[in-house]
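Input: a single structure, listed below in structure tokens.
What follows draws every value from the coordinates through simple rules; no lab data is involved. What you see is a predicted model, and the numbers here were worked out from it, not measured in a lab. Ideal geometry is used to build each Cβ from the backbone, glycine not excepted, and the neighbour counts take in all protein chains shown.
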């Protein structure tokens, strides 16, 4: 019995480093400095072939592939932390006021806004927003303490609430790409690939990037990470692209 316990303990100790080695590190292929202050989130739009970036200062930017600014629109008294775009609209999420702003994708004129109430701290509100086509739901995710994923129907009504606090210290961005949900953790400096049906972690990658806040995939499937404090965008090869 003692021998068996010793053997099990020994195997456990040996296996710990091996588990740690299962989280590979992604290395950026380049990075660029951007003129956008505190770029909190980034998304790519296939229709316009442009990127949309939001700033803590309540500004929505449209940029080219090198993140050079093409258009801007400012929303007064807001703290934009998340952005998502579809064929017709761009959605920017204000963390403090729990509001989703909907803009026309061509003119960037404000179309409407909706408040999604949440009782967490003012700076612990919604940090991520995207759409899950496999469930036909919008996804709105709080930053931390707890990390809550809210599924919203097409009328922005909450239909489900899932606690994801066990998968990361925080979530700073979410992006649906190539049939999977991808999440970014600022505090853990981690990229996570998630099953969009049950929200279980499939794989993780560590990122040698300080303050990774925004996540996007370009037209070639490569990854862009925007860094808030650093005011930079990092480019990565997609680790699954052969």
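In nanometres, what is the gap between the two model label sites at residue 202 and residue 134, each 7 Å from Cα along Cα-to-Cβ?
With each label placed 7 Å out from Cα toward Cβ, I get 0.6 nm.
Report the FRET efficiency, 1/(1 + (r/R0)^6), for residue 69 and residue 111, where r is their Cβ-Cβ distance and R0 is 25 Å, rounded to 0.05.
About 0.70, to the nearest 0.05.
Going by alpha carbons, how many degrees (0 to 90, nearest 10) lie between the helix axis of 2-20 and the longest principal axis of the chain?
30
Cβ neighbours within 10 Å, averaged per peptide: list 165-172, 88-95 in order, most packed at the top.
88-95, 165-172
Going highest first, how would you order 124-130, 101-107 by mean Cβ packing within 10 Å?
124-130, 101-107
Quick one: length gained pulling residue 57 to residue 237 fully straight, 0.36 nm per residue minus the C-alpha distance?
Extra length available between residue 57 and residue 237 comes to 61.8 nm.
Give, in whole angstrom and from largest to smallest, the semi-axes √(5λ) of the equivalent ellipsoid of segment 105-149, with λ running over the eigenvalues of the Cα gyration tensor.
22, 16, 9
Kindly give the semi-axes, whole Å and largest first, of the ellipsoid equivalent to the chain, taking each as the square root of 5 times a Cα gyration tensor eigenvalue.
33, 21, 16
Taking 0.36 nm per intervening residue step and subtracting the Cα-Cα distance, what contour gain separates residue 119 from residue 77 on full extension?
In short, 13.2 nm is gained.
Grab the Cα-Cα distance for residue 158 and residue 178, subtract it from 0.36 nm times how many residues apart they are, and report the gain in nm with one decimal.
Gain in length upon complete extension: 4.7 nm.
Taking the simple approach of a point 7 Å from Cα along Cα-to-Cβ for both residue 169 and residue 46, what is their distance in nm?
3.5
So how do 138-145, 66-73, 206-213 stack up, highest first, on mean other-Cβ count within 10 Å?
Going from most to least packed, we get 138-145, 206-213, 66-73.
If you take the beta carbon distance between residue 96 and residue 29 as r and set R0 to 41 Å, what does 1/(1 + (r/R0)^6) give as a FRET efficiency, to the nearest 0.05?
It comes to 0.75.
Summing -39500 (n - 2.57) over the DSSP H runs of n ≥ 4 in the chain and dividing by its residue number, what mean residue ellipticity at 222 nm do you reach, to the nearest 500 deg cm²/dmol?
-2500 deg cm²/dmol
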